[in-house]
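Working notes, beginning with the structure itself.
The values are calculated or read from the model by the stated rules, or taken from the named source; none is laboratory data. Just so it is clear, the model here is predicted, and its values are computed rather than measured. Note that we place each Cβ from the backbone using ideal geometry, even for glycine, and neighbour counts take in every protein chain shown. Calculation scope for accessible area: heavy atoms of the full protein, side chains included, ligands and nucleic acids excluded. Shrake-Rupley method; radii C 1.70, N 1.55, O 1.52, S 1.80 Å.
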Amino acid sequence: MKKSLNEIAQHLGGRVSGDGEVLIGGLATLDDAGEGQLTFLANPKYAGKVATTRASGVLLPEGAEPHGRNAIFHANPYLAFAKLLTLFYVSAPAPAGVLPGAQVAEGVRMGADCTIHPGASVAPGVTLGNRVVLYPGVVLYPGVTLGDDVTLHANVSVRSGCRIGNRVTIHDGTVIGSDGFGYAPDGKNWYKIPQIGIVVIEDDVEIGSNTVIDRAALEVTRIRRGTKIDNLVQIAHNCIIGEDCMIVSQVGISGSTQVGNHVIMGGQVGVAGHLKIGDNVMLGAKSGVPGNVAPNQTVSGTPCIPHREWLKASGVFPKLPEMKKNLSTLEKRVAELEALVARLVPAEPEA
Amino acid sequence: MKKSLNEIAQHLGGRVSGDGEVLIGGLATLDDAGEGQLTFLANPKYAGKVATTRASGVLLPEGAEPHGRNAIFHANPYLAFAKLLTLFYVSAPAPAGVLPGAQVAEGVRMGADCTIHPGASVAPGVTLGNRVVLYPGVVLYPGVTLGDDVTLHANVSVRSGCRIGNRVTIHDGTVIGSDGFGYAPDGKNWYKIPQIGIVVIEDDVEIGSNTVIDRAALEVTRIRRGTKIDNLVQIAHNCIIGEDCMIVSQVGISGSTQVGNHVIMGGQVGVAGHLKIGDNVMLGAKSGVPGNVAPNQTVSGTPCIPHREWLKASGVFPKLPEMKKNLSTLEKRVAELEALVARLVPAEPEA
Amino acid sequence: MKKSLNEIAQHLGGRVSGDGEVLIGGLATLDDAGEGQLTFLANPKYAGKVATTRASGVLLPEGAEPHGRNAIFHANPYLAFAKLLTLFYVSAPAPAGVLPGAQVAEGVRMGADCTIHPGASVAPGVTLGNRVVLYPGVVLYPGVTLGDDVTLHANVSVRSGCRIGNRVTIHDGTVIGSDGFGYAPDGKNWYKIPQIGIVVIEDDVEIGSNTVIDRAALEVTRIRRGTKIDNLVQIAHNCIIGEDCMIVSQVGISGSTQVGNHVIMGGQVGVAGHLKIGDNVMLGAKSGVPGNVAPNQTVSGTPCIPHREWLKASGVFPKLPEMKKNLSTLEKRVAELEALVARLVPAEPEA
C-alpha cells in the first residue's frame, strides 16, 4: 500500500509542508527510515535527527523545525504515528472458519466470520460473537461467552461461565477464571472454599501474556471497559478494576480490592486485599500498597507514601550509617558539654 | 437441590433458631442473598446487615443477634459456609473416558473413571490413578505418575518422571518439572548443569495458574502434603516445601531452600537459596529473605526483620529528610555551644 | 553405561588417585551416592563428608584430602561433575518426524531429524532447522524461523516472524513475541500502538518456563548469544539483552532497555525503561533500577545503590525509631544547654 503525504495528512488531520505528492509505503524510526518511508519526531531531544534522517517524510509537532524535509505537522505526532501504523500494518486475517484439528463441541453458538485454529478447544455451551479468532491451544470451558472481534492468542484458557466483551484481545498463555486462592482453616488443614463466581472482562480490554485473573468466590471479578493489562499480572478473586487503567507487568492485586478509573500501576506493584484505590491514582513501580489510596495521588515505596516524599527519603537512606555515626558523636559532644557546663553553673541550694 | 435449615444445621453441626423447615436452594453474600438463599456473617463489622438481608436464613457466630431471622448458630460460620458451598455447588463431572482428539500413548496405565479431554497429550510410560481429569492442552511427559482424584486444568505440563499424589488440583498453565536454573562458568560461557532430578507433589496439594516448580538437579523438589500454592509462583530446583503451607501469588523461592510446615508467605515474597525457614513462620508480603528464619517468627521487609520492628522503622522512614536536617542543625547548635563554652572555661595550663 | 575412573579422568582432564579401574555407572551427591557411583566436593564446608560417603569415587579440588577414597583431582570439580552429568544422562531423543496429531501447515520447511509431537501446531511460512523438537502444545505462528538443535517444550508459543537461533532451548509455556505494552493517550482512551517488530533469540540461549519476551514496536527485541533466562521473567519490547547474561526468575525489564554482556540479575529485580546497564553489572535480588548503571558495578535496593552501601544502610534501618527518639532527646538536651549557657554568657551591648 502506498499513500501520498497529502492523503496521509488528510487521514490524520495534519498540515503538509513541502512536497505533498511524495508516496509513502511504510513507517520506521528516525534512525532506520529510508526512501519511501515516513518517520516521526515525538521527543524534542532527537530534533537534530530530522535533518539527517533518510525518510521521505517526517511527522512533526507544531512549531518544530522541518530542516527542509517533507513534513506533516500534527498536534500529537506519536499518536498520529500509531494511527498510521494501524493504517499501514494492521489488518484482520481473513476469516477461515473452523479449521481441521480444532475441537468445537456440538451446539456451540458461533457468530459470522470466526476463525478457530487447529488445536483450539471449545466446550459445550460456549457462545462466540462475530469475527472471533481462537489460536491453537486456546481452551474455552463450558458456558464461556465471547463478544464480537475477540482475539485469543495461543494457549489462552477461559474457565467455565466467564464472559468476555467486544474488541477484547488476550495474549498467549493467559488464564481467565481459574479458582481464587481461598481456604479456611478447619483447625487442622486448609479447607478449600469453592470458587463459584466468574470473571467478566468488559469491552476494549487488552491483556498480555501469562497473566492470571481469578474467578470470584461468589460473585464477579470484573475488568472494566478500556483497561490494559500487561504480562504476568496477578488479579485475585473478587477484584473490580476500573475503566481505562494501565496495569504494567508483574503487578499483583490481592482479593476483593476495588481499583478506580484511569489508575496506572507500575511494574511489580503489589496491592493488598479489600482496599479501595481511587480514580487517577498512580502507583510507582515496585510499590507495596497496604491501605486505601485516595483519588489523584501518586505514591511509591513499601509501604507506599507520597511519591515526592519517597524520592526524598530514598535519597537520604544511603546516608543512614553516616547519620547514625554523627548522631552518636553528637551525643558524646553534648554529654561533654553538659559536664563542662555543670561545672560552670553555681550549685543550686538543696530543697 | 433444596434442603431445610434443619437438615443443613445437622450437616454442619449447628443450632437452629427460628423456622427450621424453611427450604434453602442456594448461597449468597449478605448483600446479594434473596428468597430461598442462605447467607453468613463472619466479620462482626457487618452485623447490622443481618437485619436487612433478604436471605431466608443466616449462618451466625455463637452469641450474635439474629434480628428475628431464621438462623443457624455455628462456632465458625465462614468454614461452615465453605462446607455448604461444597455441598451445594461442587460435584465431580461425570467421567467421560478418553475423548476424541485426546492423545494417549499406547501402554499408558489408567485407573477407573478418568476423563481425558480433546487436546490433552499423555506420553508413553505414564500412570494415571482413578478419577483423573486432564483438560485440553495438558501435556504429560514420559514416566509421569498421577494418583487418584487428580485434576489438571488446561495447558498444565508435567515433565518426565515427576510424581503427583492423590487429590491434587493444578490450575491452568502451570509447569511441573522444567529444568532448574543451573549453570557453571567454564571460564568463557555458562555450561548447563543437567537437571536429572524430579518433582514430587504430595497428597492434597493445590497449585494455581501459571506457576512453575522446577525439577531438582539430582534428587527431588518436593511439595509436602496439604500445601496450597497460588498463581505465578516460582519454586526453584531442590526446594522442599513443608506441609500445610500457604504460598501466595508471585512468591519466588530460590534453589535448595527448605521450608517448614504451616509457613505462610505473602504475595511477591522472595526467598534466597539454601535457607531454612522454620515451622509456622509468616513472611510479610513483598519481603526479601536473605537468611534462615527461626520457627514461629513473623518477618517483613528487605532484608526481612521482625514484623513489628519493620512496621516501626517503616513509619519513621518518610521522616528521614527531616531527621537529616534536624541532625545537621543540631550539629551547628552544638558547635556554637562548644565555642561559647570554650570561652567560658578557664584555659588549662599546658603540659 | 559404565566407565572406569581412569576413563572419566581422561574425559575431564583430571588426575586419578587410588584405584583407577573402579567402574562408575552413575552420579549422586555426597549424601546420596552409593556403590558404583561418583560424587563430588565443591564446597569446602562439606569436606568432612568425603570420609563417610559411600560413593565409589569422588571428584575433588586440587589439594583436598582424599581420605583414602578413589578420587579424581580436578581444578573445577563442580564444572567437571556437570560435564559428567551430561556424559551419563543427556542424550537427544531419537528423532520421530511429524507424529500423528501434530498440525504442520503445507509448505513448512523442515530440516533433518526433527520431531513434531502430537498437538504441536506449525503455521504456514515457518522454517525449522535440523534436529528441532517441538513438544505438544507448541504453537509457531506464521513466518517463524528456528535454527538447528532447537527444543521447544510444551505449550511454548512463538508469534509471527520471530527468529530463534541454534542450540536454543525454551521451557514450557514461555511466550516469544507477543505484543509489547504500548498505548498512546488520545485524550479519552488508550490508543493501541501496533507492535510490528519481532523478537530475535540468538544462539545458545536457554529460557525457562512461563517467561514472556515481547516483540518490538517497530524493530527488534534481541536476546544475544549465550544468555540464560529463568522462569516467569518479563522482557519488554525493544530490549536488547547482551551476551552470556544470567537473568534469574521473576525479573522484569521495561521497554527499550539495553543490557550489556555478562550481566547478572537476581530474582525479582525490576529495571525501568530506556536504560543502559553496563557490562558485568550485578543487580542484587529484588533491586529496583531507575537509572543507568555503569559497567562492573554491583548494586542493590530500590532505588538501587552500591551493594555495600545498601548492606550498611539496611543494617541501620531497623534502628530508625531509636535514632529518631535519640535525636529528639538530644534536641531537648541541647536546648537546655543553650538556656543554661545563655545565662552564663554576659549580655552583649545592643547595637
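Quick notes on this structure:
- The residue that is farthest from the chain's Cα centre (by Cα), counting only those in the range A:180-198 that are β-branched (Val, Ile, Thr) and at the interface with another protein chain (Cβ under 7 Å from one of its Cβ atoms), is A:193.
- Looking across the range C:62-71 at every residue that is under 21 Å from residue C:3 (Cα atoms) and in contact with a Leu (Cβ under 7 Å, 6 or more places away or on another chain), the one that is least open to solvent (accessible area, probe 1.4 Å) is identified as C:71.
- The set of residues from the range A:120-139 being of a type in the set (A, V, I, L, M) and under 23 Å from residue C:142 (Cβ atoms) comprises A:120, A:122, A:128, A:132, A:133, A:134, A:138, A:139.
- Subset of the range B:201-232 that is open to solvent by 10 Å² or more (accessible area, probe 1.4 Å) and more than 18 Å from the chain's Cα centre (by Cα) - its residue that is nearest to residue A:172 (Cα to Cα): B:215
- Flag: residue A:318 does not match the condition of being free of Cβ contacts under 8 Å to residues at least 12 places away in the same chain and assigned to a loop (DSSP other than H, G, I, E, B).
- Top-ranked residue of the range A:233-243 - restricted to ones that are open to solvent by 20 Å² or more (accessible area, probe 1.4 Å) and over 13 Å from the mean Cα position of the chain (by Cα), ranked as farthest from the other protein chains (Cβ to nearest Cβ): A:240
- Residue in the range C:302-325 that is closer than 21 Å to residue C:245 by Cβ, more than 9 Å from every other protein chain (Cβ to nearest Cβ) and surrounded by fewer than 20 Cβ atoms within 10 Å (Cβ to Cβ) present: yes
- Identity of the residue in the range A:174-200, assigned to a loop (DSSP other than H, G, I, E, B) and of a type in the set (A, V, I, L, M), that ends up surrounded by the most Cβ atoms within 10 Å (Cβ to Cβ): A:193
- One residue alone among C:117, C:171 is open to solvent by 30 Å² or more (accessible area, probe 1.4 Å) and either within 13 Å of another protein chain (Cβ to nearest Cβ) or in contact with a Leu (Cβ under 6 Å, 6 or more places away or on another chain) (or both), and that residue is C:117.
- Residues of the range C:244-261 satisfying the condition of being in contact (Cβ under 8 Å) with a residue 40 or more places away in the chain and either farther than 17 Å from residue C:181 by Cβ or open to solvent by less than 10 Å² (accessible area, probe 1.4 Å) (or both): C:249
- Search result, residues across the range C:62-75 that are farther than 19 Å from residue C:24 by Cβ and not acidic (Asp, Glu): C:63, C:75
- Count of the range C:271-296 residues which are within 14 Å of another protein chain (Cβ to nearest Cβ) and open to solvent by 10 Å² or more (accessible area, probe 1.4 Å): 11
- Residue that is surrounded by the fewest Cβ atoms within 10 Å (Cβ to Cβ), among those in the range C:120-142 that are away from chain A (no Cβ under 11 Å) and outside any loop (DSSP other than H, G, I, E, B): C:127
- Test result for residue A:36, surrounded by fewer than 17 Cβ atoms within 10 Å (Cβ to Cβ), more than 14 Å from chain C (Cβ to nearest Cβ), closer than 22 Å to residue C:216 by Cα and not polar (S, T, N, Q): yes
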